[in-house]
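Laboratory data are not the source of any read-out in this text; all were calculated from the coordinates shown. If you're wondering where the values come from, they're calculated on a predicted model, not measured in any experiment. Cβ placement follows ideal geometry from the backbone for every residue including glycine, while neighbour counts extend to all protein chains displayed.
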Amino acid sequence: MPSLTHNQLSSLETTERIASCFSLVGTIFIFITFVSSPNFRRPINRLVFYASWGNTLCNVATLMSESPIRLGQHSHLCQFQGFLIQMFVPADALWNLAMAINVYLTLFKKYNAHALKAQEWKYFLLCYGCTFLIAFALIFVDNPSRGKAYGSAVLWCWISDDWDFLRLALCYGPAWICILIALSIYTMAGRFIFRKRHDLRAFNIPVEELPLSYPPTAFDPPPAPTSIKVTREFASLPSENVPGGLEPDTYLAPTGNNKDGRGVNGNGRFSELSTSSTSKSYSVAVTTESPSFSSRPGLPHIKSSSSSTGGPGGRHHNRQPNRAAMEANRAAYSYTFIASLFFVSLLVTWVPSSINRVYSLIHPEAVSEEYAYAAGVVLSLMGMV
């Protein structure tokens, strides 16, 4: 059976334990943040919290490092370590897939926070239920020619070299299937977000006419009613132009077009009122407050205002600069950035260990110290990355 020298194994064991301590610090930080900050308890963050429990128990196994190997394949500690690693290492890839599925349901199926929360029990069954059944069953696998399924795997007790094909079938194969599915989902999500970003930047019209195409998602609060404040000022409007004997300061222009002039149309635009040649200037201003979307990262409260003035000398129209598109762009960037971080962490965990596994398949009688170190470090740091 291939192995490393005593000094190499001692250095690797120390490295694994130090990396496991850093990983435990990362998971403890996640636990504290989740419990103490209600803002952290969003659907995608809850999945991170659930996955951190598995990472913590996996770090319990990596902290043991090679001590169970020295006790022998049939020792209870070796079998326990193999069970923990087989259950929680693949579970990490499955939780990352669950996060990608949440992104898909939010963007393309318009799931809200309540609907996403209703899916979490299914994620538990997939990520922890299935891996538990497989890991538990392997404890009882024993063959006269191959021995027990759990045994020395150089770094720790796991599926032994004699059962090497089970590593591919029950760990690396499912993990890379999850990676490819997550990559497809994040690719579709990125295209969707940047297509909407392009559409928003193409609009160069006032905020109240901007057809924002981002639907409410699980990351948004319930919509609040839009409030409209209208102020108007009439200066010496002739009484013959005021219907029903109303005072000028209480007169509102009718909706729609008038015979002699124009009023407020159905789209909220203001146009000239019917006045005589003796009427003086007037002004109309409208301020609208749309529902807050501040729960999206980088997307603050949107407020717009417009005003229109007119009189005998003509009509003047002013609007504040439209910044809604740029604010939505910031939200798109933030959303894509968070999704990308999850996928990068998945690659950091699985690429080095997969390279080490491929090397062992090509060179079954040799062990690469560099690849073994890389695999031991990234798997021990699973809770940190």
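Annotations
- Qualifying trypsin sites (Lys or Arg not before Pro) in the range 109-163, DSSP loop, other Cβ atoms within 10 Å at most 11: LYS109
- What the Kirkwood sum gives for the range 1-105 is a hydrodynamic radius of 15.5 Å, with every pair of different alpha carbons counted.
- Amide H within-cut-off set for LEU4, under 5 Å, with H built and near neighbours excluded: none
- Loop GluC sites (Glu not before Pro), the range 341-385 (other Cβ atoms within 10 Å of the site Cβ: 16 or fewer; DSSP): GLU365
- Mean-position separation - Cα centroids, the range 135-193 and the range 30-72, in angstrom: 19
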